[in-house]
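To start, the structure under review is shown below, and the notes come after it.
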Amino acid sequence: QFGRTEVIDNTLNPDFVRKFIMDYFFEERENLRFDFYDVDSKSPNLSKHDFLGQMFCTLGEIVGSQGSRLEKSIVGIPGKKCGTVIVTAEELGCCRDSVLMQFCANKLDKKDFFGKSDPFLVFHRSNEDGSFTICHKTEVVKNTLNPVWQAFKISVRALCNGDYDRTIKVEVYDWDRDGSHDFIGEFTTSYRELSRGQSQFNVYEVINPKKKGKKKKYVNSGTVTLLSFLIETEVSFLDYIKGGTQINFTVAIDFTASNGNPSQPTSLHYMNPYQLNAYGMALRAVGEIIQDYDSDKMFPALGFGARLPPDGRVSHEFALNGNPQNPYCHGIDGVMEAYYRSLKSVQLYGPTNFAPVINHVARYAASVKDGSQYFVLLIVTDGVISDMAQTKESIVNASKLPMSIIIVGVGPAEFDAMEELDGDIVRISSRGRFAERDIVQFVPFRDYIDRSGNHVLSMARLAKDVLAEIPEQFLSYMRVRGIKPSPAPPPYTPPIHVLQTQI
C-alpha cells in the first residue's frame, strides 16, 4: 500500500485532494492498483468497509496518456458497472517553497434558511490544458457571514506547480451536512498576486456568475481578504549534508553462541575463504553507502555477547579491534578485518543484549545536539533478544537524540521482537513513555538472498531498504529541534600565485 486519499462524504462523484508523489523511471514497469472503498466507520481496517472495485494500470500508462490524463473503468465486482476513475499525473517542478496563508471574509451571502452560512474555501490550481485540480480545502467556520479561517500551509508545487503566474481559482461554499454544499461564489488570483501579502490588492470580490446574470443590481456575494502570506523554504537531507553535517556510522555485531561455531560451515559466522558470510555481506552493503557521508571514514566497531580473553569475562560492548579506548576502524575494510580478528580470539557466548551498544552510541549522540553530527548504529544479529525491556528503554531515550538504529536480522530465527522495535506499526514505548520519533529500521537478511546467486543485486536492494528511512528520521530530528542547515561553503577556487620579479 502506497497511500490513501481522504474520505469524501455522501457523493458518487468525488474529487480527491490528496496527491501522491512517486518516482518515475522510464526504463521500469511500475504497476499500480487503485482500490475504491465506501467508508462506513473510523476503522483503518479495509475489510470493515464496502469494496467498490479496483483499477489496474502502470505509471507509464498515465504519463503516456494524452495530457497525462488516464480515464479507465473500475472493475472487480462481477456483472456490475463500477464507474470510472480519472488519474492525472504532472511532473513536479523542483520548487521547494511552502507558503503559510490566512484568509478571512466579509458579508458573504446568507445561504441557510434558519442560521447564517457555514463557509469554507476550496483552492484549485489550473493545469496546462486549462482545467482545474483541487489543491486545498479550508476548515468550515460555523454560522457566520464574516469568517476568519485558520492559517494553512501548502507547498508552492501543489498551489501552482512553481509557476507564479498560473491562475489559482478559489470557490466559497456554504457547508451542508448532507454533502450538497451551496456555492456562494468564486474569484481568481495567482501566486504572484498573493505574494504581495496583506494589501488592497488582496481583497477579492466573491462573484456568483448565475446571480450576476440574473440581477441587474448585483455587486458581489461578499469579499475575501488575505490576512497574511509567509514563504518557508523546505530543506532537504542533502541541504544538511552540503552544509557539512557528518553522519557517524557505528557497527555492532552479535557474537552469541546461537550463531553456531565459526569453524563450522553451518555457522552464520563461518569464515568461508570464497565468499562473505551473512554478517560480512550486511556490513559491506550498508557500510559502503554510509561511508560516503563520513569525512574521516573512521568507524567504531563493537561486539556483544562474547567471552573475552584473557579472563573469559562476558561483554556486551567490546571493541572489535581490541582497543576499548579507541574502537575506531578505518573504512569498511578496517571493520571487516577487525570482525574476522575478533572471531578468532573471543568465545561466542550470550545472552543477546542490545541496550549496552545502543547506550554506547547514545552517549556520543547526546554530546553533539547542534546538528553538526548524526549517528547511525547498525546492529547485525541472529535474533532472539534477551533484554527487551532495557532495549525499549534505550530506544525511547535515544529517540530524543540525533541518531538512528538499523537492525539486520541474519539466519532463520523468528524476528517478532525486532518487528516490534521497528515501530512502523505501533510507536515503541517504555514504562508509559513513547518514543519521540521512529528511529529503528529492521530488515530480515533472508529476504535479500538472491536465488540466482547474484549477491550484488540483492545487496543493493538490502542497502536501499535499510537506508530508506534514514533521511526522514534525520529531518524529523532537525525539524523538531529547529536546526537549520549551515550554508554550503563557496565553491573552491585555487589561489593565484603572484610571481615576484627582482629588478
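The values are calculated or read from the model by the stated rules, or taken from the named source; none is laboratory data. Keep in mind that what you see is a predicted model, and the values were worked out from it rather than measured. With ideal geometry, Cβ positions are generated from the backbone for all residues, glycine too; neighbour counts draw on all protein chains shown. Calculation scope for accessible area: heavy atoms of the full protein, side chains included, ligands and nucleic acids excluded. Shrake-Rupley method; radii C 1.70, N 1.55, O 1.52, S 1.80 Å.
A few comments on the model shown:
- Unique match (being open to solvent by 50 Å² or more (accessible area, probe 1.4 Å), within 30 Å of Arg196 (Cα to Cα) and more than 34 Å from the chain's Cα centre (by Cα)) among Lys116, Lys107: Lys107
- Of all residues in the stretch 249-263, those that are under 10 Å from Ala306 (Cα atoms) and assigned to a loop (DSSP other than H, G, I, E, B) have Cβ atoms under 9 Å from Cβ atoms of residues that are aromatic (Phe, Trp, Tyr) and open to solvent by 30 Å² or more (accessible area, probe 1.4 Å), 6 or more apart or on another chain, in Phe255/Tyr349.
- When Ser195 is tested against (1) touching an Asp or Glu at 6+ places or on another chain (Cβ under 9 Å); (2) within 28 Å of Asp163 (Cβ to Cβ); (3) of a type in the set (S, T, N, Q), exactly one condition is not met: (1).
- Counting the residues of the stretch 374-391 that are among the small types (Gly, Ala, Ser) and either within 24 Å of Phe237 (Cβ to Cβ) or open to solvent by 10 Å² or more (accessible area, probe 1.4 Å) (or both) gives 2.
- Residue ID - nearest to Ile358 (Cα to Cα), chosen from residues in the stretch 419-458 that are free of Cβ contacts under 8 Å to residues at least 24 places away in the same chain and touching a Ser or Thr at 6+ places or on another chain (Cβ under 8 Å): Tyr448
- Whichever residue in the stretch 234-272 is of a type in the set (Phe, Trp, Tyr) and modelled with pLDDT under 90 and, among such residues, is least open to solvent (accessible area, probe 1.4 Å): Tyr240
- Filtered residues of the stretch 273-289 (kept if open to solvent by less than 60 Å² (accessible area, probe 1.4 Å) and of a type in the set (A, V, I, L, M, F, W, C)): Leu276, Ala278, Met281, Ala282, Leu283, Ala285, Val286
- Looking only at residues of the stretch 454-463 that are in a helix (DSSP H, G or I) and more than 16 Å from Val380 (Cα to Cα), we find that the one that is least open to solvent (accessible area, probe 1.4 Å) is Ser458.
- Leu238 falls short on exactly one of the conditions (1) of a type outside the set (Asp, Glu); (2) touching a residue at least 40 places away in the same chain (Cβ under 8 Å); (3) more than 26 Å from Leu108 (Cα to Cα), and that condition is (2).
- Leu302 being surrounded by fewer than 15 Cβ atoms within 10 Å (Cβ to Cβ), of a type in the set (A, V, I, L, M, F, W, C) and outside any loop (DSSP other than H, G, I, E, B): no
- Applying the criterion of being in a loop (DSSP other than H, G, I, E, B) and closer than 26 Å to Tyr270 by Cβ to the residues of the stretch 407-430, the residue that is nearest to the chain's Cα centre (by Cα) is Phe415.
- Among the residues making up the stretch 4-55, a single one is open to solvent by 90 Å² or more (accessible area, probe 1.4 Å), under 24 Å from Phe132 (Cα atoms) and of a type in the set (Phe, Trp, Tyr): Tyr24.
- Number of the exception - Val440 against (1) surrounded by fewer than 16 Cβ atoms within 10 Å (Cβ to Cβ); (2) closer than 25 Å to Gly303 by Cα; (3) touching a strand residue (DSSP E or B) at 6+ places or on another chain (Cβ under 9 Å): (1)
- For the stretch 355-372, the count of residues that are open to solvent by 30 Å² or more (accessible area, probe 1.4 Å), over 24 Å from Lys242 (Cα atoms), in the same structural domain as Ala285 (by the TED database) and touching a His at 6+ places or on another chain (Cβ under 9 Å) is at least one.
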